[in-house]
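Read the structure below first, then the notes.
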Amino acid sequence: MDTAIGLRLETALKAYLTACRRLRTERDLEGLLNLLVNVVDPELRLHRFGEHLRSRSADEAAWS
């Protein structure tokens, strides 16, 4: 019985942490989009987006 409860708690915790990471990533991306809207030069805009992706983990970059 304890093992089943432990597994359910672990699953719930993993789902919660994933949701938190996605929310944080979405907020960061929203801020980035607000910044990129004001960059007129397409090359500079692409460079800034590349900098954003380099500073993120692979999962966060893929989500972006």
Helix 2-37 vs. the chain, principal-axis angle (Cα, 0 to 90°, nearest 10): 10 degrees
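Determine the per residue accessible area of the chain with all protein chains present and a 1.4 angstrom probe, expressed in square angstrom. Kindly include the intermediate steps, with their values, before the conclusion.
Values: 5410 Å² over 64 residues.
That works out to 85 Å² for each residue.
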Largest-first ordering by accessible area, 1.4 Å probe, given options 48, 8: 8, 48
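Provide the net charge surrounding residue 17, with neighbours chosen by a C-beta distance below 11 Å and charges set as Lys +1, Arg +1, Asp -1, Glu -1.
Numbers: positive: 14, 21, 22, 24; negative: 10.
Once positives and negatives cancel, what remains is +3.
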Angle in degrees between helix 42-54 and the longest Cα principal axis of the chain, rounded to the nearest 10: 30 degrees
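Using +1 on the beta carbon of Lys and Arg, -1 on that of Asp and Glu, and nothing else charged, what's the dipole of the chain about the Cα centre, debye to 20?
For the chain, the charge dipole is close to 100 debye.
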Percent carbon-and-sulfur accessible area, the chain, ignoring ligands, DNA and RNA, probe 1.4 Å: 60 percent
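The values are calculated or read from the model by the stated rules, or taken from the named source; none is laboratory data. Given the structure is predicted, the values throughout are model-derived calculations rather than measurements. Here the Cβ is made from the backbone with ideal geometry for all residues, glycine too, and neighbour counts use every protein chain on show. Side chains included, ligands, DNA and RNA excluded: accessible areas come from the protein's heavy atoms. Shrake-Rupley method; radii C 1.70, N 1.55, O 1.52, S 1.80 Å.
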